[in-house]
1. For region 115-127, what are the residues that are touching a residue at least 40 places away in the same chain (Cβ under 8 Å) and surrounded by fewer than 19 Cβ atoms within 10 Å (Cβ to Cβ)?
2. Considering region 34-82 alone, what residues qualify as being loosely packed, with under 13 Cβ neighbours inside 10 Å, on the phi < 0 side of the Ramachandran plot and not in a strand (DSSP E or B)?
3. Counting just the residues of region 90-114 that are in contact with a strand residue (DSSP E or B) (Cβ under 8 Å, 6 or more places away or on another chain) and not in a strand (DSSP E or B), which one comes out surrounded by the most Cβ atoms within 10 Å (Cβ to Cβ)?
């Protein structure tokens, strides 16, 4: 039983997303399993991105923790291009603990994809809540 508990999610984040390249909004759900961040991002009528990544704590400044991240992404494009592909995202995140089990999170990331999804290359920002179990 203990081994199976170690692979369960310990937190879930729900965030609003802004894709600054497309000037479009969306939503993201993220969880952490075995030290990896798993994420699904849907930007309205544009794309669905599924990602697996790793977060690296950097520093704590007062009540705010800062971290960097790198993720591999699979993108299903829904808009004009109707093409799927893979990419990489590099990002940074600020986390502010509100209570022992709730954090406010803000992040920014840069996506770079292979040629068939490169029209989606650009920056996204998120703002949301993380619930810890």
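1. 121, 122, 123, 125, 127
2. Within region 34-82, 63, 80 qualify.
3. In this case the residue turns out to be 114.
Since every read-out is calculated from the coordinates, none of them should be taken as a lab result. From a predicted model like this one, the values you see are computed outputs, not experimental measurements. Glycine also receives a Cβ, built like all others from the backbone with ideal geometry; neighbour counts cover every protein chain displayed.
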